[in-house]
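Read the structure below first, then the notes.
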Amino acid sequence: MRFLADESCDFGVVLALRTAGHDVVAIAEVSPREEDDRVMERALQEE
């Protein structure tokens, strides 16, 4: 399963999901301080 983790998501959760074999993109890694509307646009584009 693929996840897009917002910056408010604890990074431990991101690591746990990755360890479990999930594809996780963390906004904190790829686009820190991104506005919420842009995060939503990204999520919808990658759906």
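Rule-based calculations on the coordinates, nothing more; no lab input. As the structure is a computational prediction, the values presented were derived from the model and not from experiment. Positions of Cβ are backbone-derived with ideal geometry, glycine not excepted, and every protein chain shown enters the neighbour counts.
Rounded to the nearest 20 Debye, what is the dipole magnitude of the chain about its Cα centre when Lys and Arg each give +1 and Asp and Glu each give -1 at the C-beta?
260
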Inset, instruction - Restricting things to alpha carbons, find the Rg to Rh ratio for the chain using the Kirkwood radius for Rh. - result: 0.96
Inset, instruction - Would you work out the relative contact order for the stretch 2-45, in percent, from Cα pairs under 8 angstrom that are 6 or more residues apart? - result: 43
